[in-house]
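Participant: This is the structure, below, for whatever I ask next.
The values are calculated or read from the model by the stated rules, or taken from the named source; none is laboratory data. Model, not experiment: these values are computed from the prediction. Using ideal geometry, Cβ is built from the backbone for each residue, glycine included, and neighbour counts are taken over all protein chains shown.
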Amino acid sequence: MTVIRTAMVLAAGLGKRMRPLTDRIPKPMVEVDGRPLIDHVLDRLEEAGVETAVVNLHWHAEVLERHLARRRHPHIVLSDERGELLETGGGIRKALPLLGEGPFFSINADTIWIEGIRPNLPSLAEDFDPAAMDLRLLLAPTAESVGYEGNGDFLMDGDGRLTPRPDRIVAPFVYAGAAVMTPDIFADAPEGAFSLNRLFFRAAEAGRLYGLRMEGVWMHVGTPEAVGEAEEAIRRSKD
């Protein structure tokens, strides 16, 4: 069983689709159910036993920095991208010296879900096998996710191995914004900005991209309208 104590929280995006809510704050500070999105994420990491969370900063970085200064658990380490926005892959590559040598969680600062019977992050880490896997992604059912209107991202076989969605079909699973990975997969990654998708596709071609269907309900909070949809889903889950 893989035990993970470190996480990368991707919080540097511009949040363009969330405007006007993000005109003066970064998207991770948008509130859902009375709390900023990033606090929902950090709570999940703390519950999963993560001790250190590396958070990257760019858009309205000072707002997020002030907010995170009040957080005690997990321990927060900042990766400053105010000088250059590096996208998801480049942001992690820059932060590798802060993440240590073992497997770590990568999680988007705006991804939230309602847990099922088993907590999803420990389940994602539990069967991660670095000998066979480059990455293990948390996946949500495309048709059942709140606020998501896309065509999905992946097909998954009986062993959990993933294939990217072919053109002109709807894939059954969408990436839910959380993954387990190792620093080794960045060994020959380019410098500067690049998307994690580049590493996803490369791992899939090598047969080393795996996934886990999450328990519970994933909420895609990509627009101001989606905030209300997520809050309604949370309210229903408490009834």
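Participant: For the range 25-46, give me each residue that is part of a loop (DSSP other than H, G, I, E, B) and closer than 26 Å to Val3 by Cβ.
Facilitator: Of everything in the range 25-46, nothing turns out to be part of a loop (DSSP other than H, G, I, E, B) and closer than 26 Å to Val3 by Cβ.
Participant: Among the residues of the range 74-87, are any in contact (Cβ under 8 Å) with a residue 60 or more places away in the chain, acidic (Asp, Glu), out of contact with any Asp or Glu (no Cβ under 9 Å at 6 or more places or on another chain) and closer than 24 Å to Ala204 by Cα?
Facilitator: Checking the range 74-87: at least one residue is in contact (Cβ under 8 Å) with a residue 60 or more places away in the chain, acidic (Asp, Glu), out of contact with any Asp or Glu (no Cβ under 9 Å at 6 or more places or on another chain) and closer than 24 Å to Ala204 by Cα.
Participant: Can you find a residue that is in contact with a strand residue (DSSP E or B) (Cβ under 8 Å, 6 or more places away or on another chain), hydrophobic (A, V, I, L, M, F, W, C) and assigned to a helix (DSSP H, G or I) anywhere in the range 178-185?
Facilitator: Within the range 178-185, one or more residues are in contact with a strand residue (DSSP E or B) (Cβ under 8 Å, 6 or more places away or on another chain), hydrophobic (A, V, I, L, M, F, W, C) and assigned to a helix (DSSP H, G or I).
Participant: I need the full set of residues from the range 47-66 which are within 17 Å of Glu84 (Cβ to Cβ) and part of a loop (DSSP other than H, G, I, E, B), in order please.
Facilitator: Result: His58, Trp59, His60.
Participant: While we're on this one: Can Ile117 be described as under 22 Å from Val41 (Cβ atoms), touching a strand residue (DSSP E or B) at 6+ places or on another chain (Cβ under 6 Å) and of a type outside the set (Ser, Thr, Tyr)?
Facilitator: No.
Participant: Okay, moving on. Could you tell me which of the residues Ile92, Ile112 is in a strand (DSSP E or B) and within 18 Å of the chain's Cα centre (by Cα)?
Facilitator: The unique qualifying residue is Ile112.
Participant: Got at least one residue in the range 9-24 being in contact (Cβ under 8 Å) with a residue 60 or more places away in the chain and assigned to a strand (DSSP E or B)?
Facilitator: yes
Participant: Out of everything in the range 206-229 that is more than 17 Å from the chain's Cα centre (by Cα) and among the aliphatic types (A, V, I, L, M), what residue ends up being farthest from Arg19 (Cα to Cα)?
Facilitator: Checking each candidate, the answer is Ala206.
Participant: Scanning for something surrounded by fewer than 18 Cβ atoms within 10 Å (Cβ to Cβ), in contact with a helix residue (DSSP H, G or I) (Cβ under 6 Å, 6 or more places away or on another chain) and either at pLDDT 90 or above or under 21 Å from Leu124 (Cβ atoms) (or both), does the range 225-234 turn up at least one residue?
Facilitator: Within the range 225-234, none of the residues are surrounded by fewer than 18 Cβ atoms within 10 Å (Cβ to Cβ), in contact with a helix residue (DSSP H, G or I) (Cβ under 6 Å, 6 or more places away or on another chain) and either at pLDDT 90 or above or under 21 Å from Leu124 (Cβ atoms) (or both).
Participant: When the range 67-89 is examined, which residues are found to be assigned to a strand (DSSP E or B) and farther than 12 Å from Ile38 by Cβ?
Facilitator: Of everything in the range 67-89, those that are assigned to a strand (DSSP E or B) and farther than 12 Å from Ile38 by Cβ turn out to be His75, Val77, Leu78, Ser79, Asp80.
Participant: Please enumerate the residues belonging to the range 195-215 that are in contact (Cβ under 8 Å) with a residue 60 or more places away in the chain, surrounded by fewer than 18 Cβ atoms within 10 Å (Cβ to Cβ) and not in a helix (DSSP H, G or I).
Facilitator: Once the filter is applied, which keeps residues that are in contact (Cβ under 8 Å) with a residue 60 or more places away in the chain, surrounded by fewer than 18 Cβ atoms within 10 Å (Cβ to Cβ) and not in a helix (DSSP H, G or I), the range 195-215 yields Ser195, Ala206, Arg213, Glu215.
Participant: Would you point out the residue of the range 142-175, among those that are surrounded by fewer than 16 Cβ atoms within 10 Å (Cβ to Cβ) and of a type in the set (Asp, Glu), that is farthest from Glu215 (Cα to Cα)?
Facilitator: Asp167
Participant: Any residue at all in the range 136-156 that is of a type in the set (Asp, Glu), part of a loop (DSSP other than H, G, I, E, B), at pLDDT below 95 and over 23 Å from Ala109 (Cβ atoms)?
Facilitator: Within the range 136-156, none of the residues are of a type in the set (Asp, Glu), part of a loop (DSSP other than H, G, I, E, B), at pLDDT below 95 and over 23 Å from Ala109 (Cβ atoms).
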